[in-house]
Amino acid sequence: QVQLVESGGGLVQPGGSLRLSCAASGTGFSVSVMGWYRRAPGGQRELVATTITGDSPRYAESVKGRFAISRDNAKNTVYLQMNSLKFEDTAVYYCKAILRKGPTTPLGTYWGQGTQVTVSS
């Protein structure tokens, strides 16, 4: 069974940094897309950053220059480095992965359980 396991959330002061990680466990798959979404209190889930195999990373305008997404393909893991954190970055962050069985055969879309990021003084 494929699972996405997130870690790295917590409480941080404004201007601080956190690094989130998300690892896809299991066998018989490879990763096409991995990315991060977030949902602020009372808000909608929104795209934060994605990385697609063979393409450049994409970021929400609100996090450009502060956040960086990266992947370790050997470990099927995606990271989100968050710097210069602001109060408005407070949200539950969700990892998303689109997996495949082979070069052209889709497997499915999977979501992590979510990890809380709280920015507070």
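In table form, for the structure just shown:
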quantity: Any hit, the range 70-90, residues being among the aliphatic types (A, V, I, L, M) and free of Cβ contacts under 8 Å to residues at least 60 places away in the same chain; calculated: yes
quantity: Number of positions in the range 87-105 that are touching a strand residue (DSSP E or B) at 6+ places or on another chain (Cβ under 7 Å) and loosely packed, with under 14 Cβ neighbours inside 10 Å; calculated: 2
quantity: Unique match (being in a strand (DSSP E or B), open to solvent by 60 Å² or more (accessible area, probe 1.4 Å) and farther than 20 Å from L107 by Cα) among L20, L11; calculated: L11
quantity: The range 25-70, residues that are among the acidic types (D, E) and under 15 Å from the mean Cα position of the chain (by Cα); calculated: E46
quantity: Scan of the range 32-43 for residues that are at pLDDT 95 or above and part of a loop (DSSP other than H, G, I, E, B), ordered by number; calculated: A40
quantity: Residue ID - nearest to R100 (Cα to Cα), chosen from residues in the range 31-89 that are of a type in the set (V, I, T) and out of contact with any Gly (no Cβ under 8 Å at 6 or more places or on another chain); calculated: V31
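The values are calculated or read from the model by the stated rules, or taken from the named source; none is laboratory data. Predicted, not measured: the structure shown is a model, and the values here were computed from it. FYI the Cβ positions are ideal-geometry reconstructions off the backbone, even for glycines, and counts take in every protein chain you see. Quick note on the areas: whole protein, heavy atoms, side chains included, nothing else; ligands and nucleic acids left out. Shrake-Rupley method; radii C 1.70, N 1.55, O 1.52, S 1.80 Å.
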